[in-house]
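K.L.:
Quick one: the structure is below, and I'll ask about it shortly.
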Amino acid sequence: EAAALVQADFAARRSDVVISGPTSDSMAVRLTSSVISELIHDSRESLLVVSFAAFGVTDVVRELERAARRSVRIDLVLESTADQGGTLHGPVGASAAFEAIREHVTFWAWPENRRPVVGASRAALHAKLVAADERVALLGSANLTDKALAVNLELGVIIRDPDVVSRIVRHFRALMEPGVGPLEPLRRNL
């Protein structure tokens, strides 16, 4: 009985590989889009979503909307355009992909005046993370774009160790600390 409990605990904390794009016969994989939807769907308290770019992803937006209706706290940490102090090229920042749920989430940005400068360029918000309830997270290379979640060759890992996930989330929460951390919430009417 004790061995079965230990085995069940180990299986519950086991990491999994997540891949978008071409697959191979070498191992079974989970698709990035499916994992992200599952994490959002299963969340009950909080979601921390971090991405450099975001575009399209209507399924992700739909799941986030459902999570908001369940009173899940949703924080989106996203890169902004160069005009807004970020490093994304083009006229639209990553937050535009989430316009439909703007009133239900908190957007976070890394202002230009708080970014280190190396040579002629500023540091970029380049992390990609979806953490649910501080117990499970997807950490990987995929941005929140239709191409990244379906056809680009992307790689990630699901972390099911609540201690590790909690440390990751606490780091971002510290970066969001008013007056202390470099991240700032965006006003809702932006």
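K.L.:
Could you tell me which of the residues 138, 155 is surrounded by fewer than 21 Cβ atoms within 10 Å (Cβ to Cβ) and part of a strand (DSSP E or B)?
P.N.:
Answer to the check: 155.
K.L.:
Ok, one more. Only one of 92, 6 is open to solvent by 50 Å² or more (accessible area, probe 1.4 Å), modelled with pLDDT under 90, assigned to a loop (DSSP other than H, G, I, E, B) and not polar (S, T, N, Q). Can you tell me which?
P.N.:
Matching residue, one of 92, 6: 92.
K.L.:
State which residue pairs qualify: first residue touching a residue at least 60 places away in the same chain (Cβ under 8 Å) and open to solvent by less than 70 Å² (accessible area, probe 1.4 Å) and inside region 112-131, second residue assigned to a loop (DSSP other than H, G, I, E, B) and not aliphatic (A, V, I, L, M) in any location, beta carbons under 6 Å apart, and separation of 6 or more residues or different chains.
P.N.:
124/87; 125/79; 125/110
K.L.:
May I ask you to list the residues in region 57-74 that are surrounded by fewer than 14 Cβ atoms within 10 Å (Cβ to Cβ), assigned to a loop (DSSP other than H, G, I, E, B) and at negative phi?
P.N.:
70
K.L.:
Of the conditions (1) aliphatic (A, V, I, L, M); (2) open to solvent by 10 Å² or more (accessible area, probe 1.4 Å); (3) within 21 Å of residue 176 (Cα to Cα), residue 77 fails just one. Which one is it?
P.N.:
In the conditions (1) aliphatic (A, V, I, L, M); (2) open to solvent by 10 Å² or more (accessible area, probe 1.4 Å); (3) within 21 Å of residue 176 (Cα to Cα), residue 77 misses (2) alone.
K.L.:
Residue 69 passes all but one of (1) at pLDDT below 95; (2) more than 15 Å from the chain's Cα centre (by Cα); which number fails?
P.N.:
(1)
K.L.:
Of (1) closer than 20 Å to residue 68 by Cβ; (2) under 17 Å from the mean Cα position of the chain (by Cα); (3) open to solvent by 70 Å² or more (accessible area, probe 1.4 Å), residue 106 satisfies all except one. Which?
P.N.:
(3)
The values are calculated or read from the model by the stated rules, or taken from the named source; none is laboratory data. Remember, it's a predicted structure, so these values are computed and weren't measured experimentally. Methodologically, a virtual Cβ is constructed for each residue, glycine included, from the backbone with ideal geometry; neighbour enumeration extends over all protein chains shown. The accessibility values were calculated without ligands, DNA or RNA, using every heavy atom of the protein model including side chains. Shrake-Rupley method; radii C 1.70, N 1.55, O 1.52, S 1.80 Å.
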